Amino acid sequence: MLIANRGEIACRVIATARAMGLRTIAVFSEADAEARHVALADMAVPIGQAAAAESYLRIDKIVEAALETGAEAIHPGYGFLSENPDFVDAVEAAGLIFVGPSADAIRAMGLKDAAKALMEKAGVPVVPGYHGDDQSDARLAEEADRIGYPVLIKAVGGGGGKGMRAVEAPGGFASALASARAEAASAFGNAGVLIEKLIQTPRHIEVQVFGDGARAVHLFERDCSLQRRHQKVIEEAPAPGMTEEMRAAMGAAAVRAAEAVGYRGAGTVEFIVDGSNGLSPDRFWFMEMNTRLQVEHPVTEAITGVDLVEWQLRVAMGEGLLLEQEALRITGHAVEARLYAEDAGAGFLPATGRLDRLVFPEDARIDTGVVEGDRISPHYDPMIAKIVTHGADREAALKAMDRALAGTGIAGTVTNLGFLSRLVAQPDFRAGRVDTGLIGREIEALAPDPEPSSVAVAVAAVAALDAHDGPMAGFQLWGGRRHRVLLGEREIWVTVTGDGFEVDAGGTRHRVSRDGTRWWVDGILRDLAVLAAPGEIALHGGERTRFTLADPLARAASASAAGAIEAPMPGRVTAVRTRAGDEVREGEALLTLEAMKMEHALAAPRDGVVAEVLVVEGGQVEAGAVLLRLEELPE
Ligand code: ADP
């Protein structure tokens with residue numbers, strides 16, 4: 001079987017395929033020649049350049065690779081070509097098995113408006129709204145009035161929250177419609193929109209379904225309400241507060257949805273639920289169906305004991321459904337956290353970098369496509385791993401997640417680990433009071449990393465001396481000497497004593513010693529683990545922080561002081577909002593860069609006059625490229 005994907009999902013599929021005795025074939029782009037999925041597969045075929053459009057999205061090259069290597073089947077993973085019906089057609093035309101639904105089923109669910117119409121016919125509740133062909137401004141505004149404000153405008157071709165606008169009152173409708181259409185046209189080549197009632201206190205609850213082409217069963221629900229920028233961060237199963245009655249109603253609706261399109265394989269029916277007043281079987285509505293394996297499928301596997309990839313492969317090989325509905329049971333509770341290379345404090349800005357050190361906990365399921373030393377490439381999604389825990393009940397699963405996150409350490413790149421730890425501990429989440437607005441409401445408390453304690457600073461300072469002088473060098477060489485250590489902006493003094501170190505961490509003194517990898521501070525064994533990487537000391541365990549030893553931002557800061565706006569990462573310039581000669585104010589958006597599936601506004605670092613704009617809309621830029629120059633305002 002060839003796996004037409006990369007990263008953690010390619011590795012995940014290979015693991016089950018192997019266990020079932022299949023030989024596996026990886027495909028890889030130029031950026032992925034050394035990637036983990038290539039190392040795990042029995043065979044591997046290069047399919048082109050790093051940009052996905054030149055490799056993982058090339059139907060012709062992937063089918064050719066399959067034929068060349070004698071593959072019998074192709075698993076698409078998720079993302080890339082997984083929901084492209086033309087890919088299914090091409091695979092089947094080449095005489096190969098596509099591990100997934102028919103092209104027709106994918107087409108039927110592909111557009112939000114057509115899918116909603118189909119679901120309505122099948123008796124599945126859909127969000128009240130308008131999804132008709134008349135796209136005139138007047139008709140859409142009329143429909144919004146009929147539905148009743150607030151409303152949500154959605155792109156019919158939508159995905160990833162693009163082309164979506166919430167409108168509070170009629171006065172805002174016309175401008176929201178124009179901007180939703182423009183975004184939809186540029187992102188999906190389709191300016192069509194639909195209008196929905198905006199659900200208050202919405203929860204995202206989805207049902208895992210599995211079909212054999214005629215009949216379907218469901219494997220219960222997942223709650224994916226914790227989202228940032230409409231993208232999931234933490235998922236769990238079952239949903240907090242779910243009742244047997246509501247579960248039966250949602251499961252039956254999801255099965256009707258799957259059977260209405262003759263669904264084969266693993267799929268997910270996404271519902272939006274009004275969570276303003278507990279859960280009630282008359283307050284959930286169909287949003288869309290994802291016709292593939294979902295990123296968060298491991299939580300369903302954890303509570304049902306089913307290997308969903310094994311089911312996918314067995315159904316693709318012609319076996320029927322492996323279990324009847326009555327035989328499926330929920331055992332305990334599972335949680336998944338998505339670990340990303342991104343800066344939560346900077347609006348979830350995706351990061352690139354090298355995973356100089358990478359430590360995962362022993363007692364959690366880790367789905368990952370990287371190993372220590374790998375780079376997070378700017379070409380693909382910056383997910384590092386999925387961390388999955390399971391427990392007898394929700395609190396046990398969450399406690400296990402607390403521990404798993406504390407036991408995960410990364411040095412070399414910024415990650416969302418601190419954000420995830422705070423999110424898992426957030427009181428509303430902990431109590432099961434979730435809705436899709438939770439992260440946005442609590443962002444001030446969740447995003448910024450707190451100041452490190454003086455204990456953490458002291459440990460990091462000693463570790464930094466080690467990193468500088470080599471392990472243990474201090475014990476022989478420094479006798480009695482005082483050392484100055486620079487941790488970011490902090491100046492720390494470390495004195496070597498007979499049995500350890502005296503550290504003056506900004507006025508607070510600590511005695512630090514260590515045995516092996518364990519750290520003692522003021523006579524107490526601390527729950528702190530240290531990872532050292534070039535130019536960086538990262539701590540995890542009871543407290544998580546990172547200290548830079550050499551400041552990598554110095555270059556960018558000095559460049560911007562000199563008036564150059566540089567691309568923080570490779571990407572495409574989607575908007576240029578200023579021209580040479582314009583006066584701009586500090587903080588004003590100058591350009592928008594689309595990189596790693598997100599848009600980033602680049603703002604003026606200070607007041608000034610635009611001296612020159614060095615890029616055009618639509619242009620590709622490399623990291624560090626100068627995009628625009630500012631000069632001083634005239635006196
Ligand atoms: P996309 O395909 O662009 O991801 P979805 O239709 O899946 O768009 O919706 C994405 C998210 O937007 C949902 O998970 C939910 O948080 C929110 N959302 C969607 N529809 C509504 C609605 N009618 N009312 C309130 N929130 C909604």
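The values are calculated or read from the model by the stated rules, or taken from the named source; none is laboratory data. Not measured: the values here are computed from a predicted model. Note: ideal-geometry Cβ built from the backbone for every residue, glycine included; neighbour counts use all protein chains shown. Calculation scope for accessible area: heavy atoms of the full protein, side chains included, ligands and nucleic acids excluded. Shrake-Rupley method; radii C 1.70, N 1.55, O 1.52, S 1.80 Å.
Using a 1.4 angstrom probe, figure out how much accessible area segment 202-446 has per residue, in square angstrom, rounded to the nearest whole. Present the calculation step by step, with values, prior to reporting the outcome.
On the way: 8150 Å² over 245 residues.
Accessible surface, normalised per residue, equals 33 Å².
Compute the signed sum of charges (Lys and Arg +1, Asp and Glu -1) over the other residues within less than 13 Å, Cβ to Cβ, of P170. Every neighbour counted, the sum reads -4. The modelled label-to-label distance for the pair V616/A141, using points 7 Å beyond Cα in the direction of Cβ, is 3.7 nm. Backbone geometry of segment 328-335 corresponds, through the Karplus equation with coefficients 6.51, -1.76 and 1.60 at θ = phi - 60°, to 3J(HN,Hα) couplings of 8, 9, 9, 10, x, 9, 9, 10 Hz, x marking Gly and Pro.
What the Cβ-Cβ distance of E244 and E502 gives, at R0 = 60 Å and to the nearest 0.05, is a FRET efficiency of 0.45. From most to least packed by mean Cβ count within 10 Å, the peptides 382-394, 493-505, 129-141 give 382-394, 493-505, 129-141. When the Cα positions of I74, A15, Q49 are compared along the charge dipole of segment 2-99, A15 comes out farthest toward the positive end, with charges on each C-beta of Lys, Arg, Asp and Glu. Between A33 and Q49, the simple label model (points 7 Å from Cα in the Cβ direction) yields a spacing of 1.6 nm.
When the Cα positions of H600, I106, G498 are compared along the charge dipole of the chain, G498 comes out farthest toward the positive end, with charges on each C-beta of Lys, Arg, Asp and Glu.
Assuming 1.567 mPa s and 4 °C, estimate D for segment 129-197 with Stokes-Einstein, Rh taken as the Kirkwood radius over Cα pairs, in µm²/s. Mind showing how you got there, number by number?
Numbers: Rh = 11.5 Å.
D, rounded to a whole number, is 113 µm²/s.
For the pair segment 209-239 and segment 295-351, the centres of their Cα atoms are 8 angstrom apart. Placing a pseudo-label 7 Å from each Cα along the Cα-to-Cβ vector at D522 and A575 gives an inter-label distance of 5.1 nm.
Taken per residue, the accessible surface of segment 38-108 reaches 41 Å², heavy atoms only and a 1.4 Å probe.
For segment 249-329, the set of trypsin sites (Lys or Arg not before Pro) satisfying both a DSSP loop assignment and a count of at most 12 other C-beta atoms within 10 Å is given as R329.
In this structure the amide hydrogen of L614, modeled in the peptide plane, comes within under 5 Å of the amide hydrogens of L628, R629, none closer than 5 places in sequence on its chain.
Normalised by the number of residues in the chain, what is the relative contact order in percent for Cα pairs under 8 Å and 6+ residues apart?
Worked out over the chain, it gives 9 percent.
Given R₀ = 45 Å, what would the calculated FRET efficiency be for R23 paired with D428, taking r from the Cβ atoms and rounding to 0.05? Efficiency, from the Cβ-Cβ distance: 0.40.
What percentage of the solvent-accessible surface of segment 129-197, computed with a 1.4 Å probe over protein heavy atoms, is contributed by carbon and sulfur atoms? Looking at segment 129-197 in its full context, I get 53 percent from C and S. Using θ = phi - 60° in the Karplus curve 6.51 cos²θ - 1.76 cosθ + 1.60, the 3J(HN,Hα) couplings for segment 283-293 round to 10, 10, 9, 4, 9, 6, 10, 9, 8, 6, 6 Hz; x is entered for Gly and Pro. In the context of the full set of protein chains, residues of segment 561-631 present 48 Å² of accessible surface per residue (probe radius 1.4 Å, heavy atoms only).
Stretching the chain fully between L486 and E168 yields a gain of 109.4 nm (0.36 nm per residue, less the alpha carbon separation). From the Cα gyration tensor of segment 482-540, with a ≥ b ≥ c the square roots of its eigenvalues, which class applies: rounded if a/c is under 1.5, or else prolate if a/b is larger than b/c, or else oblate? Judged from the Cα gyration tensor, segment 482-540 comes out oblate (a/c at least 1.5, b/c at or above a/b). Sites listed here are GluC sites (Glu not before Pro) in segment 1-106 whose DSSP assignment is loop and whose Cβ has at most 12 other Cβ atoms within 10 Å: E34. Taking amide hydrogens as placed 1.01 Å from N in the peptide plane, the amide H of L487 sits under 5 Å from those of I492, each at least 5 positions away in sequence or on another chain.
If the chain between D104 and D607 were fully stretched, how many nm would it gain, using 0.36 nm times the residue separation less the Cα-Cα distance? Please list the in-between numbers first.
Details: separation 503, 0.36 × 503 = 181.08 nm, distance 5.54 nm.
Contour length minus the Cα-Cα distance gives 175.5 nm.
So which of K116/K232; K121/K154; K162/K197; K197/K232; K197/K386; K162/K386 end up more than 29 Å apart, counting from Cα to Cα? Check vs 29 Å cut-off fails for K197/K386. Could you tally the net charge around A214, taking each other residue with its Cβ under 10 Å from the Cβ of A214, Lys/Arg +1 and Asp/Glu -1? For residues surrounding A214, the net value is 0.
Rounded to the nearest 0.05, what FRET efficiency is calculated for A214 and Q325 with R0 set to 22 Å and r the Cβ-Cβ distance?
Result of the calculation: an efficiency of 0.90.
Stokes-Einstein at 4 °C, 1.567 mPa s, Kirkwood radius from Cα pairs: D for the chain in µm² s⁻¹? Working shown, then result.
Working: Rh = 26.7 Å.
Estimated via Stokes-Einstein, D reaches 48 µm²/s.
Once segment 163-238 is represented by equal point scatterers at the alpha-carbon sites, with solvent omitted, what log10 I(q)/I(0) does the Debye formula produce at q = 0.12, 0.21, 0.23, 0.25 Å⁻¹? Log-scaled intensity ratios, in q order: -0.56, -1.00, -1.04, -1.08. Here the Karplus curve 6.51 cos²θ - 1.76 cosθ + 1.60, taken at θ = phi - 60°, turns the phi angles of segment 67-74 into couplings of 5, 4, 9, x, 5, 9, 9, 10 Hz, with x standing for Gly and Pro.
With Cα atoms defining each centre, segment 108-145 and segment 405-467 are spaced 41 Å apart in the structure.
The amide H of N416, built 1.01 Å from its N in the peptide plane, has Y340, E342 as neighbours under 5 Å, considering only residues 5 or more places off or on other chains.
Among the GluC sites (Glu not before Pro) within segment 140-170, which fall in a DSSP loop and have no more than 12 other Cβ atoms within 10 Å of their own Cβ? Write down the numbers at each step before the final one.
Numbers: sites: E142, E143, E168; in loops: E168.
Here the sparse-neighbourhood loop sites are E168.
Contact order, relative form, for segment 365-466: 17 percent (alpha carbon pairs under 8 Å, 6 or more residues apart, mean separation divided by residue count). Relative contact order of segment 27-95, taken over Cα pairs closer than 8 Å and 6 or more residues apart, is 26 percent.
How far, in nm, would the chain grow between W493 and A252 when pulled straight, counting 0.36 nm per residue and subtracting the alpha carbon separation?
Values: separation 241, 0.36 × 241 = 86.76 nm, distance 6.58 nm.
Stretched out fully, the W493 to A252 stretch lengthens by 80.2 nm.
Residues of segment 170-202 with an amide N closer than 17 Å to a point placed 7 Å from the Cα of R229 along the Cα-to-Cβ direction: 183-184, 187-188.
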